[in-house]
Amino acid sequence: MSLTAFSPSAPLTDLVLGASLFFPPLFKAVLLGFFFWLLIHPLIRGWIYSGDVWHPTLMDLSLFVLCVAGALWLLSLG
C-alpha cells in the first residue's frame, strides 16, 4: 500500500486542483472589484453617508458587491 501525498486518488489532489481552478478567477475579480470600488466610492461618498437612500453600511457593501460582480463579468468576457 502506497501512501503518498501526490497520488491521483488522494483527497488533497482534488483540493489542490479545485483551488487552482476556482480560486484565482474569483480572487482576480475581488481585487479588480476593490480597485473599481476605490475609484467609485469617493465620488458618491456624500450621497451614501447622507442616509437618504439606504443604510450607509449596506449601501457601501452593495456597491462593493456590484463592483466585484462587474469585475467578474469583465474578466469572463476576455
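Quick rundown of the values:
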| item | result |
| --- | --- |
| Residue in segment 50-57 that is touching a Leu at 6+ places or on another chain (Cβ under 6 Å) and surrounded by 13 or more Cβ atoms within 10 Å (Cβ to Cβ) present | no |
| Meets criteria (out of contact with any helix residue (DSSP H, G or I) (no Cβ under 8 Å at 6 or more places or on another chain) and either hydrophobic (A, V, I, L, M, F, W, C) or at pLDDT 85 or above (or both)) for Phe34 | no |
| Residue within segment 10-21 that is of a type in the set (D, E, K, R) and modelled with pLDDT of 90 or more present | no |
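The values are calculated or read from the model by the stated rules, or taken from the named source; none is laboratory data. Predicted, not measured: the structure shown is a model, and the values here were computed from it. Virtual Cβ from ideal backbone geometry, glycine too; neighbours counted across all protein chains shown.
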